[in-house]
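The values are calculated or read from the model by the stated rules, or taken from the named source; none is laboratory data. Everything quoted here is computed from the prediction, not taken from an experiment. Don't worry about glycine lacking a Cβ; one is built from the backbone with ideal geometry, like all the others, and counts go over all protein chains shown.
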Amino acid sequence: MEQITKPHCGARLDRLPDCRWHSSMFAIVAFGLLVCWSNAVGGLILAQLKALGWTDNSTTATFSAITTAGMFLGALVGGIIGDKTGRRNAFILYEAIHIASMVVGAFSPNMDFLIACRFVMGVGLGALLVTLFAGFTEYMPGRNRGTWSSRVSFIGNWSYPLCSLIAMGLTPLISAEWNWRVQLLIPAILSLIATALAWRYFPESPRWLESRGRYQEAEKVMR
């Protein structure tokens with residue numbers, strides 16, 4: 001069998017002109033960022049939870065802080081795990097954690113259970129954000145990596161106003177009991193679509209494969 005030696009993927013990626021392949025990676029990552037608005041939805045559902053008698057000032061503070069704590073932990077370990085498992089696998093793993101915690105959280109029987117789900121949600125989201133940006137920049141050529149990253153951030157930042165608009169539309173249509181649950185399920189469903197797209201179209205980073213000595217796989221991606 002022919003042995004593939006070091007393909008120098010980094011240099012080859014940097015020489016590539018902007019093409020459809022770059023646009024595909026951009027579309028997947030940008031969509032993944034756009035729909036992972038679980039952090040934004042937290043503040044929006046507190047009004048419904050308070051109306052239902054689920055929360056007071058103390059639990060509201062805990063609810064808000066626990067997501068940040070989870071994101072802090074996720075950001076801390078997300079990159080480490082991503083370095084070991086690969087960008088694609090980490091992307092899918094963290095999306096799975098993020099989605100599962102949103103779905104389970106949407107059916108929470110009480111505030112304590114929801115707060116626990118919010119912590120896990122934060123872990124998944126914090127790790128996901130780190131991995132998405134790390135993986136995306138590894139595909140982009142060095143000469144305009146900042147431009148591509150800015151575009152991704154621009155799309156991702158629309159998640160907050162989009163989430164707010166959806167909440168405004170749902171509030172007069174759905175009772176408080178179901179409103180907050182639906183607001184958690186919507187990004188979960190959209191994130192599931194993003195995960196399916198990543199599973200189908202998001203290849204492993206050739207830079208990462210090359211760094212692990214998996215030259216044949218890196219060469220296959222480059223083709």
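Worth a mention:
- Answer from Gly42, Gly70, Gly78, Gly74 - the residue that is surrounded by 16 or more Cβ atoms within 10 Å (Cβ to Cβ), closer than 14 Å to Val120 by Cβ, modelled with pLDDT under 90 and not hydroxyl-bearing (Ser, Thr, Tyr): Gly42
- Picking from residues in the stretch 46-67 that are under 24 Å from Ala127 (Cβ atoms) and touching a residue at least 12 places away in the same chain (Cβ under 8 Å), the one that is surrounded by the most Cβ atoms within 10 Å (Cβ to Cβ) is Thr67.
- Condition check for Thr147 on (1) more than 29 Å from Glu217 (Cβ to Cβ); (2) without any contact (Cβ under 8 Å) to a residue 40 or more places away in the chain: one failure, at (1).
- Qualifying positions in the stretch 182-198 - of a type in the set (A, V, I, L, M) and either touching a residue at least 24 places away in the same chain (Cβ under 8 Å) or not in a helix (DSSP H, G or I) (or both): Val182, Leu184, Leu185, Ala188, Leu190, Leu192, Ile193, Ala194, Leu197, Ala198
- Within the stretch 167-181, the set of residues being over 11 Å from Leu52 (Cα atoms) and either assigned to a loop (DSSP other than H, G, I, E, B) or of a type in the set (Gly, Ala, Ser) (or both) comprises Ala167, Gly169, Thr171, Pro172, Leu173, Ile174.
- When residues in the stretch 199-222 are screened for being within 24 Å of the chain's Cα centre (by Cα), under 14 Å from Gly10 (Cα atoms) and not in a helix (DSSP H, G or I), 2 of them pass.
- Some residue of the stretch 18-25 being of a type in the set (Ser, Thr, Tyr), without any contact (Cβ under 8 Å) to a residue 40 or more places away in the chain and either buried (at least 17 other Cβ atoms within 10 Å of the Cβ) or farther than 23 Å from Glu177 by Cα (or both): yes
For every residue, the table says whether it meets (1) among the polar types (S, T, N, Q); (2) within 22 Å of Ala75 (Cα to Cα); (3) modelled with pLDDT under 90.
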| site | (1), (2), (3) |
| --- | --- |
| Gly122 | no, yes, no |
| Ile155 | no, yes, no |
| Leu170 | no, no, yes |
| Ser191 | yes, yes, no |
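- Complete set of residues in the stretch 183-223 that are among the β-branched types (Val, Ile, Thr) and in contact with a helix residue (DSSP H, G or I) (Cβ under 8 Å, 6 or more places away or on another chain): Ile186, Ile193, Thr195, Val221
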